[in-house]
Amino acid sequence: MDLQYSEAYQEFRREVQVFLAGWPLQAEEAKLSAEEQEALFRARAIEAGFVYRDIPKQYGGAGCEPDGLKDAIVREEFYRAGAPGNLPTQGAGMLAPTLLEFGSEAQKKRFIPPALTGEEAWCQGYSEPGSGSDLASLQCSARLDGDHWVVNGQKIWTSNAHEADFMFGLFRTEPDASKHAGISYLLVDMKSPGIDVRPLREMTGSSEFTEVFFDDVRVPAENLVGKRGEGWAVSRATLVHERNLIGNPNMMRETFDDLVELARNTIRNGRPAIEDAHVRQRLVEVEGYVRTAETSNMRQFSASVRGEPLKAMRPMMMAKLYGTDTVQMLQAVAYDLLGSEGMLAPTEEDIRGWSRSNTPTGWVEAYIFSLGPAIAGGASNIQLNIIGERGYGLPRDLRPPAK
Amino acid sequence: MDFGLTEEQEMLQETVCGFVNNECPPTRLREIFDSGTGYDAALWGGMAEMGLAGLVVPGAYGGAGMEVLDLALVAEVLGGAALPGPFIGHSLASLAIALGGDEAQKQQWLPGLAEGSTVGTVAFCEQGSAWEPEAWRATRRDDRVSGRKLYVPHADVADLLVVGVEGGELLLVERNGDGVELLGMDGIDRTRPVFQVDLVDSPCQVLCDGAGIAGRVRDAGLVLLAADSFGAASKLIDLSVEYAGTREQFGFKIGQFQAVKHQLARLGTDIEPTRALFWHAAYAADHLPQEAAHSAALAKSHITDRAMSTARMAVELYGGLGFTWECDVQMWFKRAMFNRAFLGTPEAHRERCAALAGW
C-alpha cells in the first residue's frame, strides 16, 4: 500500500496541469458558444492523449495504452479545472465501449466518433411497461423483412429520447426461442418514421424520461450488434458500464460537503445546527458510509489496475447498492435539517439541475431524486439477489416452473 | 499509487489464519471460553513463536519492525477466530514503548515484549468511561503512581502495564510491583477478560515521550478494534450464510427465501466495503499524520457499530438456536460488544470526529 504516485506519474500529472492552463479558452476563442468551446477543447485533449485515452485513434479516441492510474489523474485534474473531459453520456459511456467489444468494423467507424464528440446523442431502449426487473421478458419485437428489421412495441424510462439521434436497445427477434435467447441488440435512428416519443413526468416535476412507441419502424439489417439472439450478453456488458456511471464516490463526497454547509447555515434553537450534538452524530454516521464508499472504490480501482479484479469482486457487486443507500441516508439528514422548508416544491432551476442543491428547494428535489438511482440500472432488491446468490453462494430463489 | 496489500501481507494473513484454524478451532475456542480464563499459554506461545508478539517492535530490539496496517491485518484474522489472548493490550503497550520510550526503556522492555516472554497491556479507562488522555486523573508523584484504572484487558497475565495518568502521561508499571491490586470485572467477552487495577503508591517509570504519543497509541488501538470487528462480523456472516444454506423450513432451505437472502446480502453489503475503511485508517496511522486521528475514530465508530448490528442480526437469523449459550454465534457477538465499548463508544468517537473536522 502506497498512496503516493511514483515520479513518472507525478510527471504525467504535471503535463496534464500544463495542458489545462489552456482552459478556459482565451481571446477570440472565448467568444465562441459554450458548446463550441467545449468541443474545441475536448478535441485538443484527445489530440494530447488525455481524453478517451484508450479508445483507438481510428474511432476518434487518443489511442494510448490503457493505464488506469493515468485515467484517474486526468479525471482528478480535469475535474479540478472544470474542463471538459470524457462525456458522461450514454453514447460515450455505454454505447462506445459496447461497440468496441461487440460491434462490426463499419459500426465502430460510423457510430463511435460522433458519440464521443457528442455530435450524435444516444438513448437506451431497455425497459418496457411489463419488463422492469424482469428485463428479459421484454416484448418489443423486431421482425426481419428483407434487409430491414421492422420494430413494433413500446419502451419506457428512456432518458432524453426526445433529444437523442439514436437509440441502442433490446428487441425480441426470435419469438420462438427461450426468453433470454430471443433478444437482439439493435441501433435505431430516432428520426425513423413510426417513432413517437412522449415525455413522462416524474414526481420531482421534471421530465427527463420518456416513453417511446414503435409502429412498423424500419431499421437497416446491418444495425444489429453482435449476433441474432445474443443481445442479452451484449447488453450485460453495457449494464456494467451504467453501474459504473452511477456509483461515483466523488459526487457523494461533494454532496456530503454541501450537507455540512447546510448544517452550518441552518439555525436550530438559536444556534447553528452543526453545533447540535444529535446533528453532529448523524453527520458523522453518514460520513462513515461516504468514507467507506470512497475507500472501497480505491480498493476496487487498485485491484483492477493490478489486473486482479477478482480480489475485489464482492465490493464491486455491492458498490451500486452501497452508493445509492448512502446517498438516500445523506438526503434524509438534509431533509430533516430543512425543517418546514421541506414543504416547498422544487423550482424550475432545481428540476433542470442548473444549480447544485444548495437552496432549500434544491435539497427537496435531491431528496426525492435520490430514489431514482436505487431503481434505475438494476433496482436495489435485484442487487440484493445478485449479492446473495453470486456474492455469497446462497441457494437460488423459489421460482415458479418455467412456462 | 496502490491501495492494496503486498504479497507479504497477504501471506501474513494466510499464515495466521492457518495457525488459528489449527490451534484454536471453534471446539477449542469453546473450551477456553467456558473456562473463563480467556488465556491459553500454548496458544500465546505459538503466536509469539510466529513473531506476532513483536510485529511493531523495531528490528533492533528483536521485533519485526512492521506497521499498524500489518498489526490490523493480524487483528482481522484474530477477530475472525475470536481468538482468546492478550494481543491487543500487548500490541499497544509495545507500540507505546517503541514510539515513546527512551533508549534505556526500549532496551529494558522491548526484547522481552517482542519475544512474548514479557506480556504487556494498557490501563487507560477510568470511572465514567474516561478513555481519552485528557480525562485521565490517576496521579504520579515522582516515581510513584496512584489511582484506579478500569477495563484493563488480561491484566492477570500481564507483566507490564502501560498506565495513563493526569496530563496525558504514560507510565510503565510492573504488575508484581508494590501497591498493584487486581480485581476481575467479570467482563462479557470471555476471550479478553478485563480487570480493575488499583494503584497505591506503586513504583513506575515515566515513558520518556508518553504525553506526546498517547494519541497515536489510542489511534492504533481504534484501528485494531475496527479490524477485529471487521473480522468478527465477516465470520458471523459466513456462519449465517452456511446455516441458511442447510437449515430447512417449509420444505426449503431458508436461504431460498428472499426475506433471509436479502437480510444476509444487506449484512454483507454493510460490512465487506468497510475492509477498505480500516485499511485506510491503518495506513493513515503510519503515513498520514494529518488524517490519522480522524480516520481511526471514524473507522472505529463505523465498523464496531456495524459489527454489533451484524451480530444481533446473526442471532435472529439462527432463530431459537442463536439465542442459546451452545450456539457459537454468542462468542463473536460478545467479541463485538468488547470492541464497541473498549477505548470509547462509537458515539464518543463520532463527537471527536466532528470536533477534529472543525465543526
Counting only strands (runs of 3 or more DSSP E) wholly inside segment A:156-206, the ones holding at least 2 residues that are open to solvent by 30 Å² or more (accessible area, probe 1.4 Å) are A:195-199
Mind checking which strands (runs of 3 or more DSSP E) fall wholly inside segment B:146-252 and carry at least 2 residues that are outside the structural domain of B:GLN290 (by TED's automatic domain parsing) and open to solvent by 60 Å² or more (accessible area, probe 1.4 Å)?
B:180-184, B:194-203
List every residue pair whose Cβ atoms sit under 7 Å apart, with the two residues 6 or more apart in sequence or on different chains, where the first one lies in segment B:317-331 and is not assigned by TED's automatic domain parsing to the domain that holds B:ASP34 and of a type in the set (D, E, K, R) and the second, anywhere, is in a helix (DSSP H, G or I) and open to solvent by less than 50 Å² (accessible area, probe 1.4 Å).
B:ASP328/B:LEU239
Going by the structure shown, is A:GLY353 outside any helix (DSSP H, G or I), under 20 Å from the mean Cα position of the chain (by Cα), closer than 16 Å to A:GLU208 by Cα and modelled with pLDDT under 95?
yes
I'd like the residue in segment A:267-296 that is assigned to a helix (DSSP H, G or I) and open to solvent by 60 Å² or more (accessible area, probe 1.4 Å) and, out of all such residues, is farthest from the other protein chains (Cβ to nearest Cβ).
A:HIS278
Name the single residue that is most open to solvent (accessible area, probe 1.4 Å) among those in segment A:375-388 being under 21 Å from A:SER159 (Cα atoms) and either more than 13 Å from chain B (Cβ to nearest Cβ) or not aliphatic (A, V, I, L, M) (or both).
A:ILE375
Name the one entry in B:ASP40, B:ASP2 that is at negative phi, away from every other protein chain (no Cβ under 14 Å) and open to solvent by 20 Å² or more (accessible area, probe 1.4 Å).
B:ASP40
Only one of these is within 14 Å of another protein chain (Cβ to nearest Cβ) and open to solvent by less than 20 Å² (accessible area, probe 1.4 Å): A:GLY362, A:GLY342, A:GLY391. Name it.
A:GLY391
For A:GLN17, indicate whether it is in a helix (DSSP H, G or I) and either touching a helix residue (DSSP H, G or I) at 6+ places or on another chain (Cβ under 7 Å) or of a type in the set (D, E, K, R) (or both).
yes
Name the residues in segment A:1-20 that are away from chain B (no Cβ under 14 Å), surrounded by 14 or more Cβ atoms within 10 Å (Cβ to Cβ) and not aliphatic (A, V, I, L, M), would you?
A:GLU15, A:PHE19
Going through (1) open to solvent by less than 10 Å² (accessible area, probe 1.4 Å); (2) outside any helix (DSSP H, G or I) one by one, B:GLY63 fails only at (1)
Quick one: which residue in B:ALA259, B:ALA265 is farther than 26 Å from B:LEU298 by Cβ, more than 24 Å from the chain's Cα centre (by Cα) and either open to solvent by less than 10 Å² (accessible area, probe 1.4 Å) or not acidic (Asp, Glu) (or both)?
B:ALA259
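The values are calculated or read from the model by the stated rules, or taken from the named source; none is laboratory data. No experiment lies behind these values; they were computed from the predicted model shown. For neighbour counting, all protein chains shown are included, and Cβ atoms are generated from backbone atoms with ideal geometry for every residue, glycine included. Each accessible area value is taken on the protein alone, full model and side chains, heavy atoms only, with ligands, DNA and RNA left out. Shrake-Rupley method; radii C 1.70, N 1.55, O 1.52, S 1.80 Å.
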